[in-house]
Each structure stands twice: as structure tokens, then as C-alpha cells.
Amino acid sequence: MPTHEVNGIRLYYEQYGNRVSFPVVFVNGLLADTTGWRFQVPAFAPHFRVLLYDARGQGQSDKPPGPYLPDQHARDLVGLLDALHIQQAHLVGLSNGGAIAMLVAAAYPSRVGCLVLADTYAHTDALMQARLESWLLALESGGLALRFDVATPWVWGNAFLEQNQHLLEPLRQKALQANVDAVRGLISGVRGYNIREKLATIQAPTMVMVGEEDVLTPPWHAREIARAIPNTHLVIVPGAGHALPIERPMVFNALVRAFLQDKE
């Protein structure tokens, strides 16, 4: 199992494609792991050096006591890039992965080529904090199963749920295998996130994407980010909720590849 020690913990990672190609790092959503990018690897590996990894508390990476703060995640990602001798990479972040990617782009501008931010947010507003609190309450009262059930209508778009009900039970079973303390640490860590004052300092060419049906981070979050970061392209994807790379993988892959290759 490939891991590197970064900031006192072991981070799990996977690499695909040609090692001499320009790197693209896919940064997981809050409670996801590397398997969430299964539709992206075949599309990007022929063109880029693809790096997937689990943040602290996720998947196969270490799970020290939380909460896991976005600033920690950003430092961990830069530490992993150092360990792999990657001086610069494109960052593609989904949801909380986008929050991490923005922090890296703001604090370490020379390390980021292009930035792709999907279904993400610049701060946890009052409504999002209430949603996160409901997830924590569900976790405490009903465990991992109730946490998954409470979060489901926030994560997926209507079209995806109508057409893919058969996929929910395998996803639920996977969620039941998570570490309860790590899930608590991941959710608790993002409640105070706010990068709005730093967005204007981001230098990387940026594409902001959001599903039209995203109710967890609605399109106004994407518009707020796109207005604040210079040199930004905004895309709203019809028929998708909060998980663009899974719900509309062909659309997501085509848009991201065209954006990244246009900047080479």
C-alpha cells in the first residue's frame, strides 16, 4: 500500500499515467476516498500524471484525533507533493476538496498550475453549519447509518437519484465501514472554514463548476467564488447535484480536460 509520512501521519496515495506528464491531483470530498474518482482515472491518465490520495481521516490514510481542519489538509497536500518531488500540479477539488485546493492556491501559489473547483464553497455559512450540525447529531444518535441517510438528499441530484437508486445501498454499506471518530473529525473540522478574504490573491487560472441541482453548495456559492478569483471561468451543469464527477462523469471529464489542456 503506497503511503508517505507527512506531518506526522501516513497518507495513502495512488498514481496513474506517465510520470513525466504534468501532474493532476484530485482532492476528495469531505467523507469520500480515492474510489470516488474511478470515472476520472481512465479519462486523465493517458494525458497527465494522475495523483489520488486520502486526506487525514479518510479512506486508507491515518486517522489521528480530530477535528481535521482545512489548513491541516492543505499543509498535508503540500507535504505529499514534496514527498513525491512534485513542484507544481493542477488541483481538481470536489466540495471540501475544493476548499483545500483554494487554501493551497492562496498560500502556495507557485505549487498550483490550474485550479478546478467543483461543487464547493468559500465559507461555511449559517445554513451549511446547520446542515453539518445535523450530520453530527445523526452520527451521535443513529451512528453511521443515520448519518448517511440524513446526508443523502443533500448530496445527490434529483435526476441521479431517480435513475440510480440501485447504487445507494452499496454506497451505504461502504459508509458503514468508516471510522466513527474520523467521520466526526472530518465534519467538525470544516465548520469554521472561511477563505473569502484570500480569494482575490489566487493567481492560478481557475474553473468553477457546480451542479444546477446542488442543494448542499448551491450555485450561489460557485458564483461568489468566481466573482472573487481573477481569471475564472464558471460552468453550471444541468441535471447534476453535489457530486459532479460521479453524477455526470463524461461532462465533467470533458470540461476539465479541455480547460487543463487549453492552459498547457
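The values are calculated or read from the model by the stated rules, or taken from the named source; none is laboratory data. Source: prediction; values computed, not measured. Note that we place each Cβ from the backbone using ideal geometry, even for glycine, and neighbour counts take in every protein chain shown.
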Matching residues, the stretch 18-60, being modelled with pLDDT of 95 or more and of a type in the set (D, E, K, R):
ASP33, ARG38, ARG49, ASP54, ARG56
Evaluate the stretch 53-63: report whether one residue or more is within 12 Å of the chain's Cα centre (by Cα), crowded, with 21+ Cβ neighbours inside 10 Å and of a type in the set (Phe, Trp, Tyr).
yes
Identity of the residue in the stretch 6-33, closer than 20 Å to GLY66 by Cβ and touching a strand residue (DSSP E or B) at 6+ places or on another chain (Cβ under 8 Å), that ends up surrounded by the most Cβ atoms within 10 Å (Cβ to Cβ):
VAL27
In the stretch 85-108, is there at least one residue being hydrophobic (A, V, I, L, M, F, W, C), surrounded by 22 or more Cβ atoms within 10 Å (Cβ to Cβ), out of contact with any Cys (no Cβ under 7 Å at 6 or more places or on another chain) and within 23 Å of ARG172 (Cα to Cα)?
yes
State which residue is surrounded by the most Cβ atoms within 10 Å (Cβ to Cβ) when the search covers only the stretch 109-125 and only residues that are in contact with a strand residue (DSSP E or B) (Cβ under 8 Å, 6 or more places away or on another chain) and more than 22 Å from VAL237 (Cα to Cα).
VAL112
By residue number, the members of the stretch 119-152 that are among the aliphatic types (A, V, I, L, M), assigned to a helix (DSSP H, G or I) and closer than 28 Å to ALA106 by Cα are ALA126, LEU127, MET128, ALA130, LEU132
Among the residues of the stretch 192-212, how many are of a type in the set (Ser, Thr, Tyr) and in contact with a helix residue (DSSP H, G or I) (Cβ under 6 Å, 6 or more places away or on another chain)?
2
Checked against (1) under 19 Å from GLY36 (Cα atoms); (2) out of contact with any Gly (no Cβ under 9 Å at 6 or more places or on another chain), HIS242 satisfies every condition except (2)
Enumerate the helices (runs of 4 or more DSSP H) found wholly within the stretch 154-209, keeping only those where 2 or more residues are in contact with a Leu (Cβ under 8 Å, 6 or more places away or on another chain) and at pLDDT 90 or above.
180-189
Complete set of residues in the stretch 20-49 that are under 14 Å from the mean Cα position of the chain (by Cα), within 12 Å of VAL92 (Cβ to Cβ) and assigned to a helix (DSSP H, G or I)
GLY36, TRP37
Those residues of the stretch 226-254 which are among the small types (Gly, Ala, Ser) and either crowded, with 22+ Cβ neighbours inside 10 Å or touching a Ser or Thr at 6+ places or on another chain (Cβ under 9 Å) (or both) amount to ALA226, ALA240, GLY241, ALA243
